[in-house]
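The values are calculated or read from the model by the stated rules, or taken from the named source; none is laboratory data. Predicted model only: the values in this text are computed from it and were never measured. Here the Cβ positions follow ideal geometry from the backbone for every residue, glycine too, while neighbour counts run over all protein chains shown. When the accessible area is computed, the model is the full protein with side chains, heavy atoms only, and any ligands, DNA or RNA have been set aside. Shrake-Rupley method; radii C 1.70, N 1.55, O 1.52, S 1.80 Å.
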Amino acid sequence: MSRIYIKGGSVILNDRIVGGVSVAINGGRIAAISRKMAPKKGSFVIDAKGCLVSPGFIDCHIHGEPEKIFFNEARHGTTAFVIAESCASLNFIYKRAEGIKEFIRLNPFGPNVLGLRLEGPYISKAKAGAQNASYIRRSDAKELSYIIEKCAPILKIMTIAPELKDARPLIRLLRKHKIISSIGHSDATYESAIEGINAGITHATHIFNAMSGLDRREPGVVGAVLLDDMVAAEIILDLIHVHKALFGLLLKLKKKGNVIIVTDSLASEIPEGVKEADGAYRFEDGRLAGSSLTMIQALKNAVRNCNVPLLDALKLITQNPAKLLGVDDKKGSISVGKDADIVIFDREFDVKATVIHGKIAYEKKDFICAA
């Protein structure tokens, strides 16, 4: 199915929604966007039936094996993602990295796995959260060099606590290798957080969660992230991990391009002793272990519960993550020449079809019709 023709919907472009426009896909890329266009012979036609035709959603923080993530999340609009690995033995991480590399190399959807991110092992035990604290390690630049070597070239983001002894050389090493240093699982003071940012931290892992918060005399990690324009902040918008008022505060204080919605979902890899309860994954004692959020639900939460305009909310799950990962030249928007990653959903945020790299990865029963 090399040619796909999408008609009958309202196409979401960078700054506007345009009706009466069709999108032609050929060979995995967007070939044309036009009002005056007929499907070429042999095209598979999708009638969007008045729905919204949107750029595919990019999740920068989700757990699980790539094949299972695609199976679970395509139906919710996710077309590309970065796989998160929690604290584990280094050998386990190396094995996971090799598995992801193999998937990228061999699977048709492989190019849409945008990399690996590590939560640790150089994080704070005091803010370990759902991480297994037994795998947290002391800062070791030589060891980190080996981790980078074993996980290259897919390691894209690494969460680090800047207050740890000798953490700054690690941050500088990550920057040297063009790996995003992300502050998180950190009990840093405001001053320590700023020192980490000055050393090269440019991202914050699930802001407001597993980090020192705002206090009248100690602004903590949260204060440093909110006030520094060098740092992009990701947020889990299930309205359980973070109150919607704090999401509003984040949007007011950060540049629009520096806010990214993620799921941090465990749906594709549920750890032992964890189950879904009250809208999230939890340990037996009720503590949060991770979310069960989907990207389409996060978008709905932003628009319906937090009063963010649809176009602005969409950028938080399309353009902004693409920019963070350096793939905005080919992903994050509907534009001629870019990858054909497209989601069709209605005004009730019900996903009807998902196209990944020019292939139909999900179709709701009775929605798609060929011509």
Problem set entry | Subset of Lys68/Lys365; Lys178/Lys330; Lys178/Lys352; Lys255/Lys338 violating a 27 Å alpha-carbon distance limit | Lys178/Lys352
For this session: Determine one quarter of the surface area of the Cα convex hull of the stretch 1-128, which equals its mean projected area, and express it in nm² to one decimal.
Result: 10.3
Exercise. Ratio of Rg to Rh for the stretch 198-256, alpha carbon only, Kirkwood?
Worked result: 0.94
Exercise. Tell me, what % of the accessible area of the stretch 53-174 is carbon and sulfur with a 1.4 angstrom probe?
Worked result: 50
For this session: Please give the peptides 165-172, 118-125 ranked by average Cβ packing (other Cβ atoms within 10 Å per residue), highest first, as a rough proxy for protection.
Result: 118-125, 165-172
For this session: Specify the angular offset, from 0 to 90 degrees and rounded to the nearest 10, of the alpha carbon long axis of helix 244-253 from the longest principal axis of the alpha carbons in the chain.
Result: 90
Exercise. How far is helix 90-106 tilted off the main Cα axis of the chain, in degrees rounded to 10, range 0 to 90?
Worked result: 20
Seminar exercise, completed: Most packed first (mean Cβ within 10 Å per residue), the peptides 85-96, 32-43, 131-142 order as 85-96, 131-142, 32-43
Exercise. Considering the alpha-carbon set of the stretch 120-202 alone, what are its Rg and its Dmax in angstrom?
Worked result: 11.7, 33
Seminar exercise, completed: Rounded to the nearest 10 degrees, the helix 141-151 long axis (Cα) sits at an angle to the longest Cα principal axis of the chain of 20
Exercise. Averaged per residue, what accessible area in Å² does the stretch 181-318 show with a 1.4 Å probe, protein chains only?
Worked result: 41
For this session: Rank-order 177-190, 104-117, 277-290 by packing density, defined as the average count of other C-beta atoms within 10 Å over each peptide's residues, highest first.
Result: 177-190, 104-117, 277-290
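Name the shape class, rounded, prolate or oblate, that the alpha-carbon gyration tensor gives for the chain, where a ≥ b ≥ c are the square roots of its eigenvalues, rounded holds for a/c under 1.5, and otherwise prolate holds if a/b is larger than b/c and oblate otherwise.
prolate
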For this session: Starting from 0 in steps of 10 Å, tell me what percent of the Cα-Cα pairs of the stretch 224-329 lands in each bin.
Result: 15, 43, 31, 11, 0
